[in-house]
Amino acid sequence: MSSDRFEELTSVTRVRVEATNQDGVLIGKTLSPAKYRSCREKGIALPDLALGLDLNNHSALGFGFPEWRRNGTMTDIELRPDESTLVEWKPGVASVIGDLWTLQGEPIGADPRQALKRITAAYAERGLSILASVEIEATVFQESIDQARAQQYQNLTPLGGNAGAALVHAKSPDYVEYVEAVVARFDEIGIPWEAYSDEAASGQIEFNIAPADPVTAADRWARARQIMREVAYSLGRSITFMSKWSAAYGQGAHLNVSVSDENGNIFFDANKPGEPSERMRHFIGGVMATLEASTSFALPTITSYRRLMELEGPPTTQTWGVANKSCAVRAVPADSSATRLEYRLPSADSNMYCTLAAFLAGGLLGLDEKSTPPAPFEQMAWALVPGSVPAVPKNLYDAVAALDADDQLRRYLGDEFVDYWVGHRRWEWLSFHTEAERDDTQLSVWEFLRYFELA
Ligand SMILES: NC(=O)CC[C@H](N)C(=O)O
């Protein structure tokens, strides 16, 4: 009994069970301790719509139902808690993240967390382990969430004032109150944060979380975002992870990854300091060969593509380079522990379970096939002559078409995962083009209503 971590949380009166759906939204239920005890082994029943709704609560119908959705008859699925994630979220409330299974006891192939587990296991089969971390960017506003809703998220005032840009400490007290309250919550539940800073746009904040194995890194990303929202709301503020909410700089979610074998970081070569190791080059080769297809995960929403502005930070081309932040993939040569790859394409609205799984899938393909990468890009990869370098897909439609046509990522991610994602994203595109203002050229109210609170 003493090793039962749940029973050790004696003051808990509510248990929040959680998973992340395709859109990156934390879903689940809150149970009484008695109910939780009765189903913690078998799993907590959820309607299959938990993975089937879009961000406007419509059922994303008509795109190849997997077996567990029973051809649209609607059924239940089960959320099996992974008690290694159990924490006391706040006094009296436990939180546990889990995986999604069918009633017949099969893991659900479309579950983002299990997709990341599968690819991590594929590395482990080859004697490889991964360290990953996510840079979390968001914008906080002075208005409360109720006020923001009343204004349809328009004309909001970024927290901290307009004076100063990135990396400025001289911020107003309300900004300081917010960031300090967030890291206090991180400390309470054990999210090891490394740094926070203000980012380039007014009201924009970046938090850096310490590297961990991929599933832990993605779990921490999901929880950190939840805390950032809860703290904003409790202080009477609002917050968004939309990748672009104004003409100002967009919001990314850069990923940092290194891979080790029993001898240490395989991206580091002591004989070639400052250069990517041979196996890092193989990894990059696979990532670059699948970059167009995996863009759909890194840039999942209509708005994601609005962030891709020249000279603003996000990459616009399918390029990699050494210490070159204008590329989609940056090799960061350092010492044996810090040498890593930074994937700069993902936007703040991407689902990190999926994005990380797709990036790792590309890398593993490259390691398996000893892929040769294209030449590293040695100039600034922005504002180039159109067509001189392959561009990142320019919208959700093109990106999903590239993913659907790719059979390399599928081999590593699984057909069900890819097919379900492709269907879900096509629904997103269709929804925009049937419900929104239909003006692709500027941010629409439809995007604010759909993404401001949930993306
Ligand atoms: N940290 C940075 O390099 C700025 C990144 C930028 N906000 C992005 O959208 O990717």
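None of the figures in this text is laboratory data; all of them are computed from the coordinates on show. The model shown is predicted, which means the values in this text are computed figures rather than measured ones. Methodologically, a virtual Cβ is constructed for each residue, glycine included, from the backbone with ideal geometry; neighbour enumeration extends over all protein chains shown.
How would Cys354, Cys39 line up from fewest to most surrounding beta-carbon atoms within 10 angstrom?
Values: Cys354 27, Cys39 16.
Ascending Cβ contact count within 10 Å gives the list Cys39, Cys354.
Report the Cα centroid-to-centroid distance between the range 339-353 and the range 135-164 in angstrom, as an integer.
Between the Cα centres of the range 339-353 and the range 135-164 lies a distance of 24 Å.
With labels modelled as points extended 7 Å from the Cα through the Cβ direction, what inter-label distance (nm, one decimal) is found for Thr73 paired with Ala405?
3.8 nm
Quick one: Arg279, Arg113, fewest Cβ neighbours within 10 Å first, how do they rank? Numbers along the way, then the final one.
Numbers: Arg279 20, Arg113 24.
Ordered from fewest to most neighbouring Cβ atoms within 10 Å, Arg279, Arg113 come out as Arg279, Arg113.
Among the GluC sites (Glu not before Pro) in the range 205-270, which ones are in a DSSP loop with at most 16 other Cβ atoms within 10 Å of the Cβ? Mind listing them?
Values: sites: Glu206, Glu230, Glu262; in loops: Glu262.
Passing sites in the range 205-270 are Glu262.
Output the relative contact order of the chain, whole-number percent, from Cα pairs under 8 angstrom with separation of 6+ residues.
On the way: 935 pairs, mean separation 76.6, N = 455.
Once divided by the residue count of the chain, the mean separation gives 17 percent.
Explain nothing, just compute: Karplus ³J(HN,Hα) = 6.51 cos²θ - 1.76 cosθ + 1.60, θ = phi - 60°, for every residue of the range 290-301 in order, whole Hz, x for Gly and Pro.
Those phi angles translate into 10, 4, 4, 5, 7, 4, 4, 6, 5, 10, x, 10 Hz.
Find how much the distance from Glu88 to Asn263 grows on full extension, using 0.36 nm per residue of separation minus their present alpha carbon separation; answer in nm with one decimal. All intermediate terms of the calculation are to be shown ahead of the outcome.
Values: separation 175, 0.36 × 175 = 63.00 nm, distance 3.66 nm.
So the extension gain works out to 59.3 nm.
The range 260-294 to the range 84-104: how many Å between their Cα centroids?
35 Å
Once you have the alpha carbon radius of gyration of the chain, what is it after dividing by 2.2 N^0.38 Å, with N set to its residue count?
Details: Rg = 21.3 Å, N = 455, 2.2 N^0.38 = 22.5 Å.
Expressed relative to 2.2 N^0.38 Å, the Cα Rg reads 0.95.
Between Glu312 and Asp146, what FRET efficiency follows from the Cβ-Cβ distance if R0 is 25 Å, with the result rounded to 0.05? Before the final figure, lay out the partial values.
Details: r = 32 Å, r/R0 = 1.26.
Using R0 = 25 Å, I get an efficiency of 0.20.
Under a straight-distance cross-link criterion of Cα-Cα below 19 Å, which lysines are reachable from Lys29, leaving out those fewer than 8 residues away in the same chain?
List returned: Lys42, Lys90.
Which of the GluC sites (Glu not before Pro) across the range 311-410 are loop residues per DSSP, with 11 or fewer other Cβ within 10 Å? Walk me through the intermediate numbers first.
Values: sites: Glu312, Glu342, Glu369, Glu378; in loops: Glu312, Glu378.
Those satisfying the criteria are Glu378.
Which cross-chain or sequence-distant (5 or more) residues have an amide H under 5 Å from the amide H of Asp99, H modelled 1.01 Å from N in plane?
The list, which skips near neighbours in sequence, is Arg80, Asp82.
For the range 276-340, count all C-alpha to C-alpha pairs, find those more than 13 Å apart, and express that count as a whole percent of the total.
Details: 1404 of 2080 pairs.
Value for the range 276-340: 68 percent of Cα pairs lie more than 13 Å apart.
From the helices alone, meaning DSSP H stretches of at least four residues, give me the mean residue ellipticity at 222 nm for the chain, per-run term -39500 (n - 2.57), in deg cm²/dmol to the nearest 500. Provide the component values of the computation, followed by the final result.
Working: 12 runs with 152 residues, N = 455.
Taking each H run of at least 4 residues, the total per residue is -10500 deg cm²/dmol.
Quick query: amide H of Ile77 versus all other amide H atoms, modeled in the peptide plane; which residues come in under 5 Å with a sequence gap of 5 or more or a different chain?
Leu46, Asp48
From the phi angles alone, apply the Karplus equation (6.51, -1.76, 1.60; θ = phi - 60°) to the range 227-238 and give each ³J(HN,Hα) in whole Hz, x where the residue is Gly or Pro.
Result, rounded to whole Hz: 5, 4, 6, 4, 5, 4, 5, 5, 8, x, 10, 10.
Report, by chain and number, residues whose modeled amide H sits under 5 Å from the one on Thr317, excluding near sequence neighbours (fewer than 5 apart, same chain).
So Thr317 has HN proximity to Ala328, Val392.
Please list, or write none, the lysines whose alpha carbon is within less than 28 Å of the alpha carbon of Lys325, excluding same-chain residues fewer than 8 places away.
Partners within reach: Lys171, Lys244, Lys272, Lys370, Lys394.
With a Förster radius of 56 Å, plug the Cβ-Cβ distance of Gln442 and Ser337 into 1/(1 + (r/R0)^6) and report the FRET value to the nearest 0.05. List each step's numbers first, then the result.
On the way: r = 45 Å, r/R0 = 0.80.
So, using R0 = 56 Å, E works out to roughly 0.80.
When the Karplus curve 6.51 cos²θ - 1.76 cosθ + 1.60 is applied with θ = phi - 60°, which whole-Hz ³J(HN,Hα) does each residue of the range 198-209 get, with x for Gly and Pro?
Taking θ as phi minus 60°, the curve returns 7, 9, 4, 8, 4, x, 8, 10, 10, 10, 10, 9 Hz for the range 198-209.
Using DSSP to define loop residues, name the trypsin sites (Lys or Arg not before Pro) in the range 292-359 whose beta-carbon has at most 16 other beta-carbon atoms within 10 Å.
Working: sites: Arg306, Arg307, Lys325, Arg330, Arg340, Arg344; in loops: Lys325, Arg344.
Passing both the DSSP loop test and the Cβ count: Lys325.
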